[in-house]
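Novice: Structure incoming, see below.
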Amino acid sequence: PRELSLEERFASRLGLRLGDLLTFDVLGVPVEGRVVSFRQVKWNSFQPNFFILFQPGVLEEAPASFLGSISRLDDQQRLTIQNIVVQEFPNVSVIDVTRIVTRILQISDQMSLAIRMMAWLSILVGLVVVYSIARHEVQTRQWELNLLKVLGARFQDVRTLVLLEFGLLGFFAALFGLLLSLAMSYALAWQFFGRLWMLAWEVSVASVIGVSLLSMGVALLAASGTLRQKPLALLRAV
């Protein structure tokens, strides 16, 4: 039997293994082949490729379609060549891959912009939630904070306590969100983009630190009124 090379995901969908025999009908002529290898194909590279490859010398006499490519042409040159090919060879199909790729990149940029806007909106909503939680917590613990002041705690000490609490809250929330997003991006890259995945450490670390600092700032803003309150009200209540 002739030797065959199959694209690995195509073979997986059909349940094919190394050594399997396949029979192809080429214009009524049965052609048998044995699977001897699997290949990884990057379909998003826009390079000509196929699910099944026969060894040389098997299909040369069968009817075939030929593919060719011309690269490094500007817009005017591409248009000129397309017009010439269509006029001289009406049975030849011309596909402007550059225009297709450009359109795909434009759609990808629009999707990326929408995702970034959703991310910023999520951060904004999260900061509003942090502000509400901080304000509620400080008001709930107003008596406790004033008691610390009565016992000798300085304004800086109470402020540090609030900043530490909400800073840790923001840090762990950002860390969990980062790990979840990395896992999702890795899964998408593995499944749809040929396992092309890269981790930007600088952006990841900056995101965690930035969210933590923002949480501390929002919490301090929400608690500023209560933190500056004099403990005199507590003493009078007692």
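Novice: When Val92 is evaluated against the numbered criteria (1) in contact with a helix residue (DSSP H, G or I) (Cβ under 8 Å, 6 or more places away or on another chain); (2) surrounded by 14 or more Cβ atoms within 10 Å (Cβ to Cβ); (3) over 30 Å from Ala189 (Cα atoms), which criterion, by number, is the only one it fails?
Specialist: Of the numbered conditions (1) in contact with a helix residue (DSSP H, G or I) (Cβ under 8 Å, 6 or more places away or on another chain); (2) surrounded by 14 or more Cβ atoms within 10 Å (Cβ to Cβ); (3) over 30 Å from Ala189 (Cα atoms), the odd one out for Val92 is (2).
Novice: Which one is farthest from the chain's Cα centre (by Cα), of the residues in the stretch 66-91 that are polar (S, T, N, Q) and farther than 20 Å from Ser45 by Cβ?
Specialist: Among those residues, the one meeting the criterion is Gln87.
Novice: Can you say whether Val97 is within 32 Å of the chain's Cα centre (by Cα) and either without any contact (Cβ under 8 Å) to a residue 60 or more places away in the chain or at positive phi (or both), as far as the supplied structure shows? Walk me through how you get there before you give the answer.
Specialist: Values: within 32 Å of the chain's Cα centre (by Cα): yes; either without any contact (Cβ under 8 Å) to a residue 60 or more places away in the chain or at positive phi (or both): yes.
So Val97 passes the test.
Novice: Residue check, Arg17 against (1) out of contact with any helix residue (DSSP H, G or I) (no Cβ under 9 Å at 6 or more places or on another chain); (2) assigned to a loop (DSSP other than H, G, I, E, B), all met but one. Which one?
Specialist: (1)
Novice: I'd like the full set of residues that are of a type outside the set (Val, Ile, Thr), in contact (Cβ under 8 Å) with a residue 24 or more places away in the chain and not in a strand (DSSP E or B), limited to the stretch 50-70.
Specialist: Within the stretch 50-70, Phe50, Phe51, Gln55, Leu59, Ala62, Pro63, Ser69 meet the criteria.
Novice: What are the residue pairs meeting all of these: first residue in the stretch 33-45, first residue in the same structural domain as Gly19 (by TED's automatic domain parsing), second residue part of a helix (DSSP H, G or I) and surrounded by 16 or more Cβ atoms within 10 Å (Cβ to Cβ), Cβ atoms under 7 Å, and 6 or more apart or on different chains?
Specialist: Phe38/Ala11
Novice: Another one. Could you check Gln47 against (1) outside any helix (DSSP H, G or I); (2) farther than 21 Å from Phe193 by Cβ and say which number it fails?
Specialist: (2)
Novice: Any idea which of Leu168, Leu175, Leu145, Leu124 is buried (at least 16 other Cβ atoms within 10 Å of the Cβ) and either touching a residue at least 60 places away in the same chain (Cβ under 8 Å) or part of a helix (DSSP H, G or I) (or both)?
Specialist: So the residue among Leu168, Leu175, Leu145, Leu124 that is buried (at least 16 other Cβ atoms within 10 Å of the Cβ) and either touching a residue at least 60 places away in the same chain (Cβ under 8 Å) or part of a helix (DSSP H, G or I) (or both) is Leu145.
Novice: Against the definition (surrounded by 14 or more Cβ atoms within 10 Å (Cβ to Cβ) and not β-branched (Val, Ile, Thr)), how does Ala222 come out, yes or no?
Specialist: Considered against the rule, which asks whether it is surrounded by 14 or more Cβ atoms within 10 Å (Cβ to Cβ) and not β-branched (Val, Ile, Thr), Ala222 comes out as yes.
The values are calculated or read from the model by the stated rules, or taken from the named source; none is laboratory data. Here the structure is a predicted model, which means the values were calculated and not measured. We place every Cβ from the backbone using ideal geometry, glycine too, and count neighbours over all the protein chains shown.
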